[in-house]
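In what follows, a single structure is set out as structure tokens and then discussed.
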Amino acid sequence: MTRIPARLTRRQLISAAAASTAGAAIGMPVWAQQPDEILIGQSAHLSGPLAPSFTAVVKGQSLAIADINARGGIGGRPVRLITLDDAYNPKRTVENVNRLIDQDKVTALYGLASTASVGAVMPILAAKKVPLVGVYTGSPSLRMKHHPYFFTTMASYYDEVVQMLRNLETLQRTRIGVVYQTGPLGQLMLPVLDAAMKQVKAAIVAKAPLDPSGKDAEQAVEALAKARPQAVIVINFGPSMIPLVKSSRKLLGVPLYCISIANSRALLTAMGDDARGLAFTQLIPYPWRPTTNLVRDFSASMKAANLPIDYDHYFGYLNLRVLLEGMRRAGRNVTSDTLVASLEGMRKTDLGGYTVDFSPTNHHGSKFVEITMYGPGGRYVR
């Protein structure tokens with residue numbers, strides 16, 4: 001059985017981790033599983049129209065795996081993340097999760113990327129007693145009822161929207177327009193927005209639907225413009241952001257506040273100058289100032305991989321670091337059950353610049369949200 005060398009450079013580990021993830025996505029492990037290897041399983045959209053916005057997140061995850069393995073893994077045991085493609089399809093997510101648990105024998109699941117997919121696997125987690133730690137959806141509906149094997153590492157969509165509205169209220173922009181993506185995201189977020197509105201002195205003056213393709217972006221913006229909003233909250237992500245922002249610049253001329261999942265470097269680059277001035281909620285700390293241990297680790301990994309610092313990579317890196325810290329505390333012989341106990345014991349735990357607070361009755365570790373503005377040269381202003 002092939003073994004990973006005991007000592008690898010950071011660059012070699014980054015390359016190996018990325019290759020492992022890519023191989024797993026097509027069902028071809030790059031190396032045979034070692035007897036002492038710890039496996040983490042993930043199902044996510046590696047293909048389909050939304051895949052490009054997730055590529056950097058996946059790379060950030062591989063950096064986190066490389067970092068922990070460079071430090072000896074978990075009690076000397078190497079860690080491997082197996083990522084399977086579900087094309088954003090909940091049915092395929094269920095198939096992948098069953099395979100990861102039953103065939104690959106993963107210790108934990110991680111990084112599912114849609115509300116429908118997470119909801120679909122909740123019964124599996126309970127039945128098979130395998131934890132899911134860290135997801136890429138902030139749906140409040142998933143957090144309403146305590147689940148013994150479900151943990152989130154970042155704030156919810158509700159937390160994001162409340163922060164947007166409070167910021168707009170401070171700026172005395174209280175006539176709010178809303179553009180929302182049709183389909184599951186819009187159905188999920190509109191009730192969240194209505195609930196958050198009760199906390200501020202503001203009014204929604206217009207709501208406009210937007211097809212995920214963005215083909216009706218100009219019509220959506222025209223409908224909002226008739227109501228003369230002072231700002232627009234954008235409940236949308238993916239390629240449709242490009243025509244939406246372009247049309248808004250031409251027809252609206254008011255601030256656009258976007259949820260964190262819309263903050264994709266690839267999309268912002270495609271928008272060009274139109275992206276300047278967009279406001280985004282951020283669920284993770286600013287990654288360009290290496291003033292904390294976590295950001296210093298991330299910066300070193302990005303430098304070794306010859307990649308520019310951005311939120312996308314840091315999102316994947318930080319999300320996985322929470323799970324890895326829980327595993328480290330559980331020890332070399334970590335199991336699904338000991339991992340749950342370890343995470344529940346992480347009360348007000350500072351990971352080196354990012355704090356999570358879990359307990360046996362609270363599996364949602366963070367409410368951190370801040371607002372940034374996308375500025376000249378691709379820089380973010382806080």
What lysines sit close enough to residue 129 to cross-link, taking a C-alpha to C-alpha distance under 16 Å and skipping anything fewer than 8 places away on the same chain?
105
For the ranges 324-336, 40-52, what's the packing order if you count other beta-carbon atoms within 10 Å of each residue, average per peptide, and put the highest first?
40-52, 324-336
For residue 351, residues with placed amide H under 5 Å, excluding near neighbours:
356
Using a 1.4 Å probe and ignoring any ligands, DNA or RNA, find the accessible area of residue 222 and quote it in Å² to the nearest 10.
80
First select every other residue whose beta carbon is under 14 angstrom from the beta carbon of residue 285; then total the charges, Lys and Arg +1, Asp and Glu -1.
+1
For a quick check of your reading of the filter: which trypsin sites (Lys or Arg not before Pro) in the stretch 96-181 sit in a DSSP loop and have no more than 12 other Cβ atoms within 10 Å?
105, 145
What are the ³J(HN,Hα) couplings of the stretch 285-292, residue after residue, when phi is run through the Karplus curve with 6.51, -1.76, 1.60 and θ = phi - 60°? Round to Hz, x for glycine and proline.
x, 4, x, 8, 10, x, 9, 10
Share antiparallel - DSSP beta bridges, the stretch 246-382, percent rounded to 5:
80
Heads up, I need the accessible area for residue 182: 1.4 angstrom probe, whole protein in place, Å², nearest 10.
50
Using only alpha carbon pairs under 8 Å that are at least six residues apart, calculate the relative contact order of the chain and give it in whole percent.
17
Can you grab the distance from the C-alpha centre of the stretch 289-305 to the C-alpha centre of the stretch 160-217, Å, no decimals?
34
Of 363, 147, which has the most accessible area with a 1.4 Å probe, and how do the rest follow in descending order?
147, 363
How much of residue 350 can a 1.4 Å solvent probe reach, expressed as accessible area in Å² and rounded to 10?
100
Efficiency by 1/(1 + (r/R0)^6): what FRET value for residue 187 and residue 98, r their Cβ-Cβ distance, R0 = 25 Å, to the nearest 0.05?
0.40
One would report the antiparallel percent of DSSP beta bridges in the chain, rounded to the nearest 5, as 25
Space enclosed by the convex hull of the alpha-carbon atoms of the stretch 315-358, per residue, Å³
67
Under 28 Å from the Cα of residue 215, which lysines turn up, not counting those fewer than eight places away in the same chain?
91, 207, 226, 246, 250
Mind checking the angle between helix 55-70 and the chain's longest principal axis? C-alpha axes, 0 to 90 degrees, to the nearest 10.
30
For the chain, the accessible surface attributable to carbon and sulfur atoms (probe 1.4 angstrom, ligands and nucleic acids excluded) amounts in percent to 53
Students often forget the sequence filter, so: which lysines lie under 20 Å Cα-Cα from residue 59 once same-chain residues fewer than 8 apart are removed?
303
With the dipole of the stretch 180-277 worked out from charges on the C-beta (+1 for Lys and Arg, -1 for Asp and Glu) around the Cα centre, which of 181, 192, 219 lies farthest toward the positive end?
192
Per residue, how many Å² of accessible area does the chain show with a 1.4 Å probe?
42
The stretch 149-159 - phi-based ³J(HN,Hα) in whole Hz, Karplus 6.51/-1.76/1.60, Gly and Pro as x:
10, 10, 10, 10, 10, 9, 5, 8, 4, 4, 4
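The values are calculated or read from the model by the stated rules, or taken from the named source; none is laboratory data. Note that the structure is a prediction, hence the values are computed from the model and not measured. Positions of Cβ are backbone-derived with ideal geometry, glycine not excepted, and every protein chain shown enters the neighbour counts. With ligands, DNA and RNA removed, areas are computed over all heavy atoms of the protein, side chains included. Shrake-Rupley method; radii C 1.70, N 1.55, O 1.52, S 1.80 Å.
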